[in-house]
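Report on one structure; see the data block that follows.
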Amino acid sequence: MPSEIINYGTLLDYSPYGDSEESAKSRLFRGAIKAGRPTEIDLLIKNIKDSPELIEFFKDSTLVPIPKSSPHLPGSTFPSLEICKAIANNRFSLGINSCLRRITPIRKSSLQTSGNRPSVKEHYDTLSVDITIMPTKKIILVDDVLTRGSVSVACVHKMEESYPDADIYVFALLRTKSFVADIEKVINPSVNKINYYPVSGKTYRKDVT
Amino acid sequence: MVDNKYSKYFSRLSDLEKIHAPKELFFEGDFSLITKGVKVSVVGSRDVSPNGLRRTEIISKTLVEKGITVVSGLAKGVDTMAHNSAIKYQGKTIAVLGTPLTKAYPSSNKDLLAKIKEEHLAISQFPEEYPFQRKNFPMRNKTMALISDATIIIEAGEKSGTRHQGWEALRLGRLVLIMQNVAEDESLTWPKKMIEYGAQVLTRENVDYTLNNIPNFTSAIDFAF
């Protein structure tokens, strides 16, 4: 039975439209993260050391990068993998397993209005797992940005089929806060939950206020 | 002009971005247009159709209205219309040349280049006396992909050099937007291949939302964190 509650962690808040200095900074960070720049990503990831909650979240885990919205073009950027490398290099996690793949492209969620974003099922149908031995029971799927959670939930469900005994979590370096005018601070570690409602197919992030 | 502004820009790039980035860059005009704000390349055929020209003007005007800098290559056709539209609608434009800075190609764009140098920004990776070679233009196209947050392909034939920019932009993780009529053109194979690897189709319905949500991949982070 696919999970209906997914635990997630996040480090930074991101404001798509806010006018404050912190909101503007968050958009620059988003750009650098999506460009897959290792230096900036590593500097941001180091802030995990100041969050006991996130240190515990990552403990004894294997990281799995969440793929982009299209199949991987050889030689191209892979932001989620760069985030995984930074987490592992800073020894917050035990290792990386790039077993999750996007096999057909899907429209980018960030470029869709809320009514047209791909659903959990649409994401799920575009994913595939290359099953390999997973060295830990705890698996953390890593993404660059978390907005509604449809990608995260779909990836968790896909992984659960291949690793039914694993404890699967999600980490996104940036959490979108489009429902507030401005964010107060960019670095804002958090551990929270996403609810999935199988009848409607909708997701709900618990920190939405 | 060559100074350390580009070496500072180059030092911030990832190893992946540096692969095709020019080792030196010559420029005249306002270099901050490269380091600040959102920049979108508008590119396509030299022998563009009348509808393609019209779409170029509309897209460029829309970009200007959103405060986005229009980047193009000073070539005939789409590029010239993109630069002229940005200027006409009081926006900003960057010309990325496939020739040294002192040489307008085509020569009919000599006055346009002078205006861009005076009031906007012209850049070239080719030093004075660098020989004119066909391979300069694919190199230039990769530079355009690097400095832009998105590339909009207005119109391009099956063998068009514009494809080099599209693929390089996809490699760099930048947005590639293909006009709907081009994406649906059954006589072309390249749009489908690019869409398989993440290019998005730009339609009348999604253009506003899409252009409002282009990630700022390229602006400098010049504060400590």
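The values are calculated or read from the model by the stated rules, or taken from the named source; none is laboratory data. Keep in mind the model is a prediction, meaning the values are calculated, not measured. Positions of Cβ are backbone-derived with ideal geometry, glycine not excepted, and every protein chain shown enters the neighbour counts. With ligands, DNA and RNA removed, areas are computed over all heavy atoms of the protein, side chains included. Shrake-Rupley method; radii C 1.70, N 1.55, O 1.52, S 1.80 Å.
Identification of strands (runs of 3 or more DSSP E) wholly contained in the range A:167-206 with 2 or more residues that are among the hydrophobic types (A, V, I, L, M, F, W, C), out of contact with any Lys or Arg (no Cβ under 6 Å at 6 or more places or on another chain) and under 25 Å from A:Tyr17 (Cβ atoms) yields A:167-176. Summed over the range A:1-43, the residues that are crowded, with 23+ Cβ neighbours inside 10 Å and free of Cβ contacts under 8 Å to residues at least 60 places away in the same chain give a count of 4. The helices (runs of 4 or more DSSP H) falling completely within the range A:15-125 that include 2 or more residues that are under 24 Å from A:Val186 (Cβ atoms) and within 14 Å of chain B (Cβ to nearest Cβ) map to A:21-34, A:38-45, A:79-89.
When you look at B:Lys76, is it free of Cβ contacts under 8 Å to residues at least 40 places away in the same chain and within 14 Å of chain A (Cβ to nearest Cβ), yes or no? Answer is no for this residue. Can you pull out the residues in the range A:44-60 that are open to solvent by less than 20 Å² (accessible area, probe 1.4 Å) and out of contact with any Ser or Thr (no Cβ under 8 Å at 6 or more places or on another chain)? Within the range A:44-60, A:Leu44, A:Ile45, A:Ile48, A:Ser51, A:Leu54, A:Phe57 meet the criteria. For the range B:172-185, which residues satisfy the criterion of being within 14 Å of chain A (Cβ to nearest Cβ), touching a residue at least 40 places away in the same chain (Cβ under 8 Å) and not small (Gly, Ala, Ser)? Of everything in the range B:172-185, those that are within 14 Å of chain A (Cβ to nearest Cβ), touching a residue at least 40 places away in the same chain (Cβ under 8 Å) and not small (Gly, Ala, Ser) turn out to be B:Leu172, B:Arg174, B:Leu175. For the range B:186-207, filtered to residues that are acidic (Asp, Glu) and either within 18 Å of the chain's Cα centre (by Cα) or within 10 Å of another protein chain (Cβ to nearest Cβ) (or both), the residue that is surrounded by the fewest Cβ atoms within 10 Å (Cβ to Cβ) is B:Glu205. Of all residue pairs spaced 6 or more apart or on separate chains, those with beta-carbon atoms under 6 Å, a first member in the range A:87-110 that is open to solvent by less than 60 Å² (accessible area, probe 1.4 Å) and a second member that is among the small types (Gly, Ala, Ser) and assigned to a loop (DSSP other than H, G, I, E, B) are A:Ile87/A:Ser93; A:Pro105/A:Ser70; A:Ile106/A:Ser69; A:Lys108/A:Ser69.
Only one of these is of a type in the set (S, T, N, Q), away from chain A (no Cβ under 14 Å) and surrounded by 17 or more Cβ atoms within 10 Å (Cβ to Cβ): B:Ser148, B:Ser160. Name it. It would help to see each step written out before you state the result.
Working: B:Ser148 fails: away from chain A (no Cβ under 14 Å).
On inspection, the qualifying residue turns out to be B:Ser160.
Only helices (runs of 4 or more DSSP H) whose full extent lies in the range B:1-76 are considered here, and the ones with at least 2 residues that are among the aliphatic types (A, V, I, L, M) are B:32-35, B:50-65.
Of all the criteria given as (1) touching a Ser or Thr at 6+ places or on another chain (Cβ under 7 Å); (2) modelled with pLDDT of 95 or more; (3) of a type outside the set (Val, Ile, Thr), the one not satisfied by A:Lys108 is (2). So which residues in the range B:5-33 are under 20 Å from B:Pro138 (Cα atoms) and away from chain A (no Cβ under 14 Å)? Within the range B:5-33, B:Pro22, B:Lys23, B:Glu24, B:Leu25, B:Phe26, B:Phe27 meet the criteria.
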